[in-house]
Amino acid sequence: MHLPRLRSRPAWQQDALIALATWLVGFLVYAAGIHRILTSYDHAPLWARLLELTALCGLELLRRWVPGALLLATAVLAVDIWLSPSLPVLIIFTDFLYAATLYGSRRMSRVMIGVAGASVVVVLAAVLVLGQEWRMALLAAVSVLPFVLTPVWWAANVRQQRDIAETERANAGQLAKIAELDRRAAVAAERARMARDLHDVIAGHLSAIAIQSEAALSMPDSPLAKKVLASVRENSVSALEEMRTMIGLLKAEGAAAETTAPARLAELARLVESARASGLDVTMGSTVDGWESIPTAVDLTAYRIAQEALTNVAKHAPGGHVDLDVRYLDGFLEVEVRNDVQPHPVTPAEGSGTGLLNMRERADAVGGTVTAGPAGEGWLVRAELPVASAGEESR
């Protein structure tokens, strides 16, 4: 019941309690006269035995000092054997064998195991050679040898289990660190993904709203102004719906909170109409039939890249002609947005310059690539997104 409390105490207190308890038990054994091993009468006086006992129990305070404590205890044991072997000294000495094996270095532990094994052979050989009554001598040797073998074997086993436990704790600590690093990486990746989504959802719509509002204010033609304002309202409503969906996803624990489907290539016509209302002359070239056969991630990525490219054209090369093509090519979904006017340099007030970076990150997330740069007198954005067998199935 009190063993956990004893183990929680400092090492010197544990050793002091062991030494005190050992001395009391040894004193009772000597006082009762049941300490003799080989002879029926003890020629040594009681005070000499108690002096041996006190010296050996005092060394118990140094039992973790290896091999010094073991050597001093061996000297006390030699004196006891010279007087006549006594049971308390022999039993206490086994604790020094145990401590030397458990608390010593790895090399010391191996030496103790070797000494214990060699002692078996040496003692038995000595008994057979020197013993007059070999049966009695052999019986005495067999009775004494466990006092050497048992503590060393026990300490070696405890040490092995302790080393295994320490290794497991170290492995657990490493796994915990790896798990924490993985968690942080996942959080960082999710934050980056949400940042891209927020940029694509809001920046695209709001840029179109700003451009279309400016165009509406400068148009004397009322019907055309109404058409532009209707497009402004549509972009505003779309931005609010997608923002509300994003906020719901962030608040909810799972994806069940999503109430509005993300934009897909099936809505590309609406995107083109919005771009035309912004003053761009957009021509849709070849498009892909069977939108449902395209993987969802690739479908959403292709739409966001087309949206970002058209938004950039409206912001940095307004009033120009734009060709938009979406097609299959050798297992890839290819998106091309080409305009005939070189974009003017971007100023800090016009944008953060993250549009192209977001497009590349989105394409990289699905294993694709995005290139952007001058093409003749205009500018070309080209994305290649792998769709595996989806392209073959939809043809």
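The values are calculated or read from the model by the stated rules, or taken from the named source; none is laboratory data. Just so you know, these numbers come straight off a predicted model, no measurement behind them. Glycine also receives a Cβ, built like all others from the backbone with ideal geometry; neighbour counts cover every protein chain displayed.
I want to confirm something. Restricting to the stretch 154-168 and keeping residues that are without any contact (Cβ under 8 Å) to a residue 40 or more places away in the chain and of a type outside the set (D, E, K, R), which single residue is nearest to R107 (Cα to Cα)?
Among residues in the stretch 154-168 that are without any contact (Cβ under 8 Å) to a residue 40 or more places away in the chain and of a type outside the set (D, E, K, R), the one nearest to R107 (Cα to Cα) is Q160.
Please pick out the residue among G331, G355 that is under 35 Å from the mean Cα position of the chain (by Cα) and at pLDDT below 85.
Criteria check complete, one pass: G355.
Residue check, Q174 against (1) surrounded by 11 or more Cβ atoms within 10 Å (Cβ to Cβ); (2) at pLDDT 85 or above; (3) of a type in the set (S, T, N, Q), all met but one. Which one?
(1) is the only condition that Q174 fails.
Out of the stretch 293-317, which residues are under 12 Å from V370 (Cα atoms) and among the aliphatic types (A, V, I, L, M)?
Hits for the stretch 293-317 are A302, I305, A306, A309.
When the residues of the stretch 46-105 are filtered to those that are assigned to a helix (DSSP H, G or I) and in contact with a His (Cβ under 6 Å, 6 or more places away or on another chain), which remaining residue is surrounded by the most Cβ atoms within 10 Å (Cβ to Cβ)? Walk me through how you get there before you give the answer.
Of the residues in the stretch 46-105, the ones assigned to a helix (DSSP H, G or I) are 46-62, 68-83, 87-103.
Those still in the list that are in contact with a His (Cβ under 6 Å, 6 or more places away or on another chain) too: 87-88.
Numbers: L87: 15, P88: 24.
Ranking the candidates gives P88 first.
Pull up the stretch 369-378, narrow it to residues that are touching a helix residue (DSSP H, G or I) at 6+ places or on another chain (Cβ under 7 Å) and of a type outside the set (S, T, Y), then point me to the one that is farthest from D299 (Cα to Cα).
Step by step, filter the stretch 369-378, then rank; the result is A372.
Tell me, please, whether a residue that is of a type in the set (F, W, Y) and at pLDDT 80 or above can be found in the stretch 299-312.
There is at least one residue in the stretch 299-312 that is of a type in the set (F, W, Y) and at pLDDT 80 or above.
Filter the stretch 1-54 down to the residues that are of a type in the set (K, R) and within 51 Å of the chain's Cα centre (by Cα), then identify the one that is modelled with the highest pLDDT.
R9
If you check D163 against the conditions, is it acidic (D, E), crowded, with 16+ Cβ neighbours inside 10 Å and either assigned to a helix (DSSP H, G or I) or at pLDDT 80 or above (or both)? Break it down into steps so the answer makes sense when it comes.
Working: acidic (D, E): yes; crowded, with 16+ Cβ neighbours inside 10 Å: no; either assigned to a helix (DSSP H, G or I) or at pLDDT 80 or above (or both): yes.
In short, no.
So for the stretch 291-308 (the condition being over 16 Å from W379 (Cβ atoms), polar (S, T, N, Q) and surrounded by fewer than 19 Cβ atoms within 10 Å (Cβ to Cβ)), does at least one residue qualify?
Within the stretch 291-308, one or more residues are over 16 Å from W379 (Cβ atoms), polar (S, T, N, Q) and surrounded by fewer than 19 Cβ atoms within 10 Å (Cβ to Cβ).
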